[in-house]
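What follows is a single structure, written as structure tokens, with notes after it.
The values are calculated or read from the model by the stated rules, or taken from the named source; none is laboratory data. The structure presented is a predicted model; accordingly, all values stated were derived computationally and were not measured. Cβ placement follows ideal geometry from the backbone for every residue including glycine, while neighbour counts extend to all protein chains displayed. Quick note on the areas: whole protein, heavy atoms, side chains included, nothing else; ligands and nucleic acids left out. Shrake-Rupley method; radii C 1.70, N 1.55, O 1.52, S 1.80 Å.
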Amino acid sequence: MRVPASSAAVLAAVAMVTIPAASAQAKTKSVDMGLPAKAQDEFQNKYSSDVNAFFPSKVTIRAGGKVRFNPVGFHTVDIPPNGGTALPLFAPAGQITGANDAAGAPFWFNSQANFQFNPSVLQGSLGKTVTRKGNKRVQSGLPFAAKPKPMTVKFPKKGTVTYFCDVHPGMIGRVVVKGRHARVPTAKQDKKAVKKQLAAARKRAKKLAGTTPPGNTAYTGGSAKGGVEYFGMLPAVKTVAPGTTVTFAMSPKSFDAHTATFGPGNPLTEPDSYLGMIAASFTQPVLDQRGVYPSEQPPIVAAYTSTLHGNGFWNSGVMDRSSASAPPDSNSVTFNTPGTYDYYCMIHPFMHGQIKVQ
């Protein structure tokens, strides 16, 4: 049946209104890989905190739409293939040889695996636009560049896609991909979701400095729900009696990794010191294994002295709370001699604490 010209024009107009062109639907939404830049000064300066989370943690788009992942912190976006999991941050690269302490004695971890940044995490698609395919991994890579560029990912098919940060186990985001003509949150609604997420994080961050660890435990940082992290030793100064064994531990809800490390030098202000050189390696592609491994072979609990390992070096090794990773979540050392002993995190050298033995 032939449709009159006037009717055809009306039908065409209706079609244009009710069925938008696919190109009009394929809008790009943004996700910050970490605490939004505008909130970083507030969290860091007021609360000594950061948030290991994606903002927003969930974003909804139409099929064919894109998400731009903005590298605003030291995080990755890892979208595994269907049924896959996140990549480990560290991977063995041969065996350790020639690692000696300041007294010239070999460390126990010689012949152990030489853990370095996983090559699959070092390089990725920052600065590129890629398409999510169910049988292939999408990896941003670590943002080592001075001004890393965003990674944009196109999602052609419906479904819920879960992605991870390989640096911080527990930091998870989701992209919900709906049909091409489905209703999705507006930019205003997405902005409101980020604001709500920030408000919850702020409320938690304000309380973390007052965290009290149990017994003879010192926390390397504090933590709360949603990836909120306090970057300071808790307590800042811990006073114990001679003969006390102190356990340095990750706080219960942490997504981060820390060390508790004693030795010569302030790693933040003295980069050429013993501790300074170890700490510097965590910002470079090649890791110093003195920072990665515990200085004492587990389960040995050393007695700390200013001459331990020739220069007063004791290291917990890298610690985290993830059950899927190799690092432990705590390590202990005994203090017999009165005095004040400074320690630092080699990964975050601005984190400084003291043990006072009296």
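Residues checked against (1) touching a helix residue (DSSP H, G or I) at 6+ places or on another chain (Cβ under 7 Å); (2) surrounded by fewer than 23 Cβ atoms within 10 Å (Cβ to Cβ); (3) hydrophobic (A, V, I, L, M, F, W, C):
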{"residue": "G291", "(1), (2), (3)": "yes, no, no"}
{"residue": "A303", "(1), (2), (3)": "no, yes, yes"}
{"residue": "S306", "(1), (2), (3)": "no, yes, no"}
{"residue": "G312", "(1), (2), (3)": "no, yes, no"}
{"residue": "D329", "(1), (2), (3)": "no, yes, no"}
{"residue": "D342", "(1), (2), (3)": "no, yes, no"}
{"residue": "M351", "(1), (2), (3)": "no, no, yes"}
{"residue": "Q354", "(1), (2), (3)": "no, yes, no"}
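When restricted to residues that are modelled with pLDDT of 50 or more, assigned to a loop (DSSP other than H, G, I, E, B) and open to solvent by less than 90 Å² (accessible area, probe 1.4 Å), the stretch 1-34 contains 1. Scanning the stretch 95-124 for residues that are open to solvent by 30 Å² or more (accessible area, probe 1.4 Å), of a type in the set (A, V, I, L, M) and part of a loop (DSSP other than H, G, I, E, B) yields a count of 3.
When you look at F255, is it open to solvent by 40 Å² or more (accessible area, probe 1.4 Å), closer than 30 Å to A200 by Cβ, touching a residue at least 40 places away in the same chain (Cβ under 8 Å) and among the aromatic types (F, W, Y), yes or no? Judged against the criteria, F255 is a match.
Residue by residue, here is whether (1) β-branched (V, I, T); (2) touching a residue at least 60 places away in the same chain (Cβ under 8 Å); (3) within 30 Å of K238 (Cβ to Cβ) holds:
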site	(1), (2), (3)
K147	no, no, no
C165	no, yes, no
K178	no, yes, no
R183	no, no, no
K206	no, yes, yes
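Give P88, P92 a once-over and let me know the one that is open to solvent by 50 Å² or more (accessible area, probe 1.4 Å) and in a strand (DSSP E or B). Even if it seems obvious, please write down each step before you answer.
Details: P88 fails: in a strand (DSSP E or B).
Going through P88, P92 in turn, just one is open to solvent by 50 Å² or more (accessible area, probe 1.4 Å) and in a strand (DSSP E or B): P92.
Candidates T337, T247: the one that is assigned to a strand (DSSP E or B) and not small (G, A, S) is T247. Restricting attention to the stretch 35-83, the residues that are hydroxyl-bearing (S, T, Y) and surrounded by fewer than 20 Cβ atoms within 10 Å (Cβ to Cβ) total 2. If you go through the stretch 188-199 and pick out every residue that is under 15 Å from V59 (Cβ atoms) and in contact (Cβ under 8 Å) with a residue 40 or more places away in the chain, you end up with 4. Residues that are more than 21 Å from the chain's Cα centre (by Cα) and small (G, A, S) within the stretch 184-217 comprise A187, A193, G210, G215, listed in sequence order. Is it the case that F335 is out of contact with any Gly (no Cβ under 7 Å at 6 or more places or on another chain), more than 17 Å from Q112 (Cα to Cα) and either surrounded by 15 or more Cβ atoms within 10 Å (Cβ to Cβ) or hydroxyl-bearing (S, T, Y) (or both)? Criteria met by F335. Within the stretch 142-173, which residues are of a type in the set (F, W, Y), over 12 Å from the mean Cα position of the chain (by Cα) and within 22 Å of G65 (Cβ to Cβ)? Once the filter is applied, which keeps residues that are of a type in the set (F, W, Y), over 12 Å from the mean Cα position of the chain (by Cα) and within 22 Å of G65 (Cβ to Cβ), the stretch 142-173 yields F155, Y163. Under the condition of being assigned to a strand (DSSP E or B), touching a residue at least 60 places away in the same chain (Cβ under 8 Å) and open to solvent by less than 20 Å² (accessible area, probe 1.4 Å), the residues counted in the stretch 223-233 number 4. One residue is enough: does the stretch 79-93 have a residue meeting the conditions hydrophobic (A, V, I, L, M, F, W, C), in contact with a Ser or Thr (Cβ under 7 Å, 6 or more places away or on another chain) and without any contact (Cβ under 8 Å) to a residue 60 or more places away in the chain? The answer is no, given that none of the residues of the stretch 79-93 is hydrophobic (A, V, I, L, M, F, W, C), in contact with a Ser or Thr (Cβ under 7 Å, 6 or more places away or on another chain) and without any contact (Cβ under 8 Å) to a residue 60 or more places away in the chain. Counting residues in the stretch 280-288 that are buried (at least 22 other Cβ atoms within 10 Å of the Cβ) and either part of a loop (DSSP other than H, G, I, E, B) or without any contact (Cβ under 8 Å) to a residue 24 or more places away in the chain (or both) gives zero.
Which of the residues that make up the stretch 340-350 are over 17 Å from L287 (Cα atoms) and either part of a loop (DSSP other than H, G, I, E, B) or within 17 Å of the chain's Cα centre (by Cα) (or both)? F350, the sole residue that qualifies.
Could you please let me know if A218 is among the aliphatic types (A, V, I, L, M), open to solvent by less than 10 Å² (accessible area, probe 1.4 Å) and out of contact with any Leu (no Cβ under 8 Å at 6 or more places or on another chain)?
No; evaluated as a whole, the condition is false for this residue.
Show me the strands (runs of 3 or more DSSP E) found entirely inside the stretch 134-193 where at least 1 residues are in contact with an Asp or Glu (Cβ under 9 Å, 6 or more places away or on another chain) and open to solvent by 20 Å² or more (accessible area, probe 1.4 Å). Quick ask: steps written out before the conclusion?
Details: elements: 151-155, 159-164, 172-178.
Those strands (runs of 3 or more DSSP E) span 159-164.
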